[in-house]
Amino acid sequence: GAVVSQHPSRVICKSGTSVKIECRSLDFQATTMFWYRQFPKKSLMLMATSNEGSKATYEQGVEKDKFLINHASLTLSTLTVTSAHPEDSSFYICSARTTNQPQHFGDGTRLSIL
Amino acid sequence: EDQVTQSPEALRLQEGESSSLNCSYTVSGLRGLFWYRQDPGKGPEFLFTLYSAGEEKEKERLKATLTKKESFLHITAPKPEDSATYLCAVAVDYGQNFVFGPGTRLSVLP
């Protein structure tokens, strides 16, 4: 089946640093990639949608300057959390899809800001 | 406003005790209803897609059905390894932007 790889799986860093998370579709070319945030025992909240070669579309309330998304190829999207603070600590999950296929998810990145 | 609700919030079953999970939706336009399974600390794993009322899909002990306003995930003779959170998502456009339900946490006791 479709495989989406997300890296790193866990990050612990100091407040003020920037953190980059990678999302790769390993066995298919993704027309669209999605970034979600999930709080404990809560469902997934969509942060942004990105298509290869174009700017990401952010959901209302998501700061585009805070969460930088780059979708440079059909198999790679990155999310950079800039100047991270403790309130940015969360579980971040990416997904990827191609035409007529459902979204397939990565295994998430647990981000902890000290 | 597009909304997806799931019930119950949590469900504990004995091994072999069949049950159903519910996903109700109010959306402007349904472009597919999706069921996922999520284990703790992992991303959701795709289970089923349903597109039209009356449609059914089956996989091992799981069967998903769809009506005009809700979907059911039936679990027949569950095993402890079926314990997980089951998420329902509705695609509201052809770009497959999802609205997720809050999930049902299923625990199957041996």
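Spatially close Lys pairs in chain B, defined by Cα atoms under 19 Å apart and a spacing of eight or more places or different chains, total 4.
Taking amide hydrogens as modeled 1.01 Å from N in the peptide plane, which residues meet the under 5 Å criterion relative to A:Ser89, leaving out close sequence neighbours? Those qualifying (amide H under 5 Å, at least 5 residues apart or on another chain) are A:Ile113.
How would you rank A:Met45, A:Met33, going from fewest to most other Cβ atoms within 10 Å of each one's own Cβ? Write out the running numbers ahead of the final one.
Numbers: A:Met45 16, A:Met33 29.
Placing the least packed residue first, the sequence is A:Met45, A:Met33.
Summing Cβ point charges (Lys, Arg +1; Asp, Glu -1) relative to the Cα centre of chain B gives a dipole of roughly 40 debye.
Distances between every pair of Cα atoms in the stretch B:10-97, grouped in 10 Å steps from 0 to the bin holding the largest one, split as 17, 49, 29, 5 percent. Summing Cβ point charges (Lys, Arg +1; Asp, Glu -1) relative to the Cα centre of the protein assembly as shown gives a dipole of roughly 300 debye.
Using Cα pairs under 8 angstrom and six or more residues apart, how large is the relative contact order of chain A, in percent? Intermediate results must be reported in sequence, preceding the final value.
Numbers: 285 pairs, mean separation 42.9, N = 114.
About 38 percent, as a whole number.
Amide H to amide H distances under 5 Å link B:Asn97 with B:Val92, where only residues 5 or more positions off or on other chains count and H is placed in the peptide plane.
Taking a ≥ b ≥ c as the square roots of the eigenvalues of the Cα gyration tensor of the stretch A:1-101, is the shape rounded (a/c under 1.5), prolate (a/b larger than b/c) or oblate? Walk me through the numbers on the way to the answer.
Details: a/c = 1.66, a/b = 1.56, b/c = 1.06.
Taking the square roots of the gyration eigenvalues as a ≥ b ≥ c, the stretch A:1-101 is prolate.
For chain A, the number of Lys pairs with C-alpha atoms closer than 17 Å, counting only pairs eight or more positions apart or on separate chains, is 5.
Lone cysteines in chain A, defined as no other cysteine's Cβ under 4.7 Å from theirs: which are they? So, A:Cys13. 3J(HN,Hα) couplings calculated from phi for the stretch A:85-100 with the Karplus curve 6.51 cos²θ - 1.76 cosθ + 1.60 (θ = phi - 60°) are, in sequence order, 10, x, 5, 7, 4, 4, 9, 9, 10, 10, 9, 9, 8, 10, 4, 6 Hz; Gly and Pro show x.
What does the charge dipole of the stretch A:1-109 about its Cα centre add up to, to the nearest 20 debye, if the Cβ of each Lys and Arg holds +1 and the Cβ of each Asp and Glu holds -1? Before the final figure, lay out the partial values.
Working: 11 positive and 9 negative charges, 34 e Å.
Around 160 debye, computed over the stretch A:1-109.
Overall, the anisotropy analysis places the protein assembly as shown in the prolate class: the square-rooted eigenvalues a ≥ b ≥ c of its C-alpha gyration tensor yield a/c not less than 1.5, with a/b exceeding b/c. Rounded to whole numbers, the Karplus 3J(HN,Hα) couplings from phi for the stretch A:54-67 are 10, 5, 6, 9, 9, 6, 4, x, 9, 7, 5, 7, 8, 10 Hz, using 6.51 cos²θ - 1.76 cosθ + 1.60 with θ = phi - 60°, and x at Gly and Pro. Considering only B:Ser19, B:Leu62, B:Ser7, whose Cα is most displaced toward the positive end of the charge dipole of the stretch B:4-62, charges sitting on Cβ of Lys, Arg (+1) and Asp, Glu (-1)? Sorting the options by dipole projection puts first B:Ser7. The stretch A:41-112 and the stretch B:1-50 have Cα centres lying 22 Å from one another.
Under 8 Å for C-alpha pairs, at least 6 residues apart: give me the relative contact order for chain B, rounded to a whole percent. Could the numbers behind the result be given before it?
On the way: 288 pairs, mean separation 40.6, N = 110.
That works out to 37 percent.
Values in this text are rule-based calculations from the coordinates and carry no lab data. Treat the numbers as computed from the prediction; the structure is a model and nothing was measured. Heads up, the Cβs are rebuilt from the backbone with ideal geometry, glycines too, and the neighbour counts pull from every protein chain shown.
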